Every structure is written in structure tokens, then in C-alpha cells.
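The values are calculated or read from the model by the stated rules, or taken from the named source; none is laboratory data. It should be emphasised that the depicted structure is a prediction, and the values quoted were computed from it without experimental measurement. With ideal geometry, Cβ positions are generated from the backbone for all residues, glycine too; neighbour counts draw on all protein chains shown.
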Ligand SMILES: [Zn+2]
């Protein structure tokens, strides 16, 4: 088992796992559900893709400290990964990019 999985909370590990496998809950990963409306829910300017949501969108997160580079979630240090997981999921009310199930 990967070291990070044993040192993180289940939801943090799952966030990192989803990011690494590009299964984040963005519209482009749920094409059938958003066939007619795949534009970003924050800026509306471009497709709501994994990369757009994590680092490309100019609206959300609007604080640069919350932007996540695609290499950040491949860190091996569990403490670093916790920070990254928090940046991806800052708080439930702010995660409007993520499709609730
Ligand atoms: Zn956007």
C-alpha cells in the first residue's frame, strides 16, 4: 500500500487518488450528465475540465494559493499531500466545481 494512503484521512486520500487518476468530479469526467452544458460553472468560458478547475480557471479558486499544479498531487510526503488535498477541497460550500452525487 502506498505510504500516503496510510497516513491520511480517508477523504484526503480519496481526493489525492481521484486527482492522480484524473477522476475529479468535474463536468468533463461526467460527459453524459453534462452533454449540453459542459462549460465551467465558475467562469462559463471554457469546458469544465480537470486541469481547468485545478489551475486554469480565472474565477475559482480566485486565491492563487488554492491553485494546484498537476505535479503537486504526485508528492510522496503525506503532509504535503494533506495540504494539496485541502487546496482541492477547501470546504464543501466552496467546492461548487465538484458534482455532488
Ligand atoms: Zn472556469
Checked the stretch 21-47 for anything more than 20 Å from residue 84 (Cα to Cα), within 11 Å of the ligand (Cβ to nearest atom), in contact (Cβ under 8 Å) with a residue 24 or more places away in the chain and in a loop (DSSP other than H, G, I, E, B); matches are 40, 41, 42
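So is residue 11 surrounded by fewer than 18 Cβ atoms within 10 Å (Cβ to Cβ) and either touching a helix residue (DSSP H, G or I) at 6+ places or on another chain (Cβ under 7 Å) or under 21 Å from residue 67 (Cβ atoms) (or both) or not?
Details: surrounded by fewer than 18 Cβ atoms within 10 Å (Cβ to Cβ): yes; either touching a helix residue (DSSP H, G or I) at 6+ places or on another chain (Cβ under 7 Å) or under 21 Å from residue 67 (Cβ atoms) (or both): yes.
In short, yes.
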Filter result (surrounded by 17 or more Cβ atoms within 10 Å (Cβ to Cβ), assigned to a helix (DSSP H, G or I) and within 10 Å of the ligand (Cβ to nearest atom)) within the stretch 48-61: 52, 53
Got a number for residues in the stretch 58-81 being at pLDDT 85 or above and within 13 Å of the chain's Cα centre (by Cα)? 1
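What number of residues within the stretch 20-44 satisfy the criterion of being touching a strand residue (DSSP E or B) at 6+ places or on another chain (Cβ under 8 Å) and within 28 Å of residue 75 (Cβ to Cβ)? Don't jump to the end; show me each part of the working.
The first filter runs over the stretch 20-44 and keeps only residues touching a strand residue (DSSP E or B) at 6+ places or on another chain (Cβ under 8 Å), leaving 27-28, 38-40.
Checking which are within 28 Å of residue 75 (Cβ to Cβ) leaves us with 27-28, 40.
Number satisfying all stated conditions: 3.
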